Every structure is written in structure tokens, then in C-alpha cells.
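J.: The structure's right below; bear with me while I get my questions together.
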Amino acid sequence: MHCAKHAAKHKDVFGKAFSKKLQPAPPFGKKAAPGNFNSFQSGNYSGAAFGLATQYFRRTTLLTAPDRSRSRRGGRAHAIGMAAEQAAMARLRIQGWQVLAHRARTRWGEVDVVALKEGCLIFVEVKARPSLLAAGEAIRPLQASRIMNAAAYLCATNPHWVHDRMRMDVCVVLPGNVIRWIPDAFRQN
């Protein structure tokens, strides 16, 4: 009886989340709706209601926990991508290009490498793929537009980067560190 009375006392603290049944977890990356779980996060809990909150927490974290093997693959892909970017920058420097930025992030997107040589500014997207075909398929029109928007923003915020000749290149790093350069791979309409 005491536990039921205690839970009833704290029912208002937790709102709808514990009324009849547990509600499903919010989508990954989204906050719970007000009254769902936010009161638990604010620290207003005790007794039997805490048990209900713990049960809800366990349920939601099991549903939204990231797959460990996927995060390992992501870490490996990140390391391969970084190595490919380093190889691309080394090639640019050997050819006499001055690397102005590496992994230039903007709110509009990211440019892997920005380089300058003899009045020509290039924005390079680096892809580490098993073949040229796979690299071509990896750059979709949406990604190309993000790169171009990021390049436009970088030029607007760095006026000394604006030159008469600017282009968007793609550098594909194939297995065995074979580098294929695709100059002027895409343009703005």
C-alpha cells in the first residue's frame, strides 16, 4: 500500500510517461516530448517512481544504443578517409600547390582541401574507394551542392581567396595509394 501511495504521490512529477503504459522511445537524436522524460532529467524523482523511471530509461537506451560494430566501422572509415586526405595534400604540395585549408567546415558543408597555385584556387573532395566508379557514385548531386555552397561561403568569409580561376576537383585514392585526380569535376549552374 505504501508503495502505491508513494507512486501516486509522484505521478504528477513524471506526467504521462507512467500513466498506463510506457511510451515508445523518441527517435534517435531527438528529445523526448515534454512530460515524457524531461521531468526525470530535472531530478524530481524518488521511491517507486524512480523504479519506473529506471525501467523506462533501460527500455529507451536499449532501443537507441548505437551498434558497436557500426561505430568500429565508422572509426575505421574515418581513419582511411583522413589518410586519403593526407595523401592528397602531399601530392598537391609536391606539385607546388599551397594548401590553405584542410577539412574546412562551414554551416553549409565541408570542403576536404582548399589549395592555391598561380592564381588558381581549387576546392578538393577526397574519396578513398576501391574503384573510380565507386568514387563517382559516392558523390551525389546533393553532396556536390553542399561542397559548392561551402566553397562559396569560404570565399565570402575569406575575400583574399577569391581568384579569377576557381574549380571543384575530386581526388580519388584507390587501393595501394594510387591517386587519380579529376580536375573541374563539377560546377555550379
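The values are calculated or read from the model by the stated rules, or taken from the named source; none is laboratory data. Since this is a predicted model, take the numbers as computed values, not measurements. Positions of Cβ are backbone-derived with ideal geometry, glycine not excepted, and every protein chain shown enters the neighbour counts.
J.: For the range 86-133, which positions are surrounded by 15 or more Cβ atoms within 10 Å (Cβ to Cβ) and within 17 Å of the chain's Cα centre (by Cα)?
T.: His102, Ala104, Thr106, Trp108, Gly109, Val111, Asp112, Glu125, Val126, Lys127 - these are the residues of the range 86-133 that are surrounded by 15 or more Cβ atoms within 10 Å (Cβ to Cβ) and within 17 Å of the chain's Cα centre (by Cα).
J.: Next question, about the same structure. Given the criterion within 18 Å of Ala83 (Cα to Cα), modelled with pLDDT of 95 or more, of a type in the set (Asp, Glu) and out of contact with any His (no Cβ under 7 Å at 6 or more places or on another chain), identify the matching residue among Glu125, Glu110.
T.: On inspection, the qualifying residue turns out to be Glu125.
J.: Taking Trp181, is it in the same structural domain as Gln86 (by TED's automatic domain parsing), touching a helix residue (DSSP H, G or I) at 6+ places or on another chain (Cβ under 9 Å), under 13 Å from Val126 (Cα atoms) and of a type in the set (Phe, Trp, Tyr)?
T.: Against the criterion (in the same structural domain as Gln86 (by TED's automatic domain parsing), touching a helix residue (DSSP H, G or I) at 6+ places or on another chain (Cβ under 9 Å), under 13 Å from Val126 (Cα atoms) and of a type in the set (Phe, Trp, Tyr)), Trp181 qualifies.
J.: Also, quick follow-up: From Leu133, Leu142, Leu116, which residue is more than 24 Å from Ala77 (Cβ to Cβ) and of a type outside the set (Val, Ile, Thr)?
T.: Every option except Leu116 fails the conditions.
J.: Can you tell which of Ala152, Ala144, Ala156, Ala138 is modelled with pLDDT under 90 and surrounded by fewer than 19 Cβ atoms within 10 Å (Cβ to Cβ)?
T.: Working: Ala152 fails: modelled with pLDDT under 90; Ala144 fails: modelled with pLDDT under 90; Ala156 fails: modelled with pLDDT under 90.
From the options Ala152, Ala144, Ala156, Ala138, the qualifying one is Ala138.
J.: Another question about this same structure. Do we find a residue being under 15 Å from Gln188 (Cα atoms), in a strand (DSSP E or B) and without any contact (Cβ under 8 Å) to a residue 60 or more places away in the chain anywhere in the range 142-165?
T.: yes
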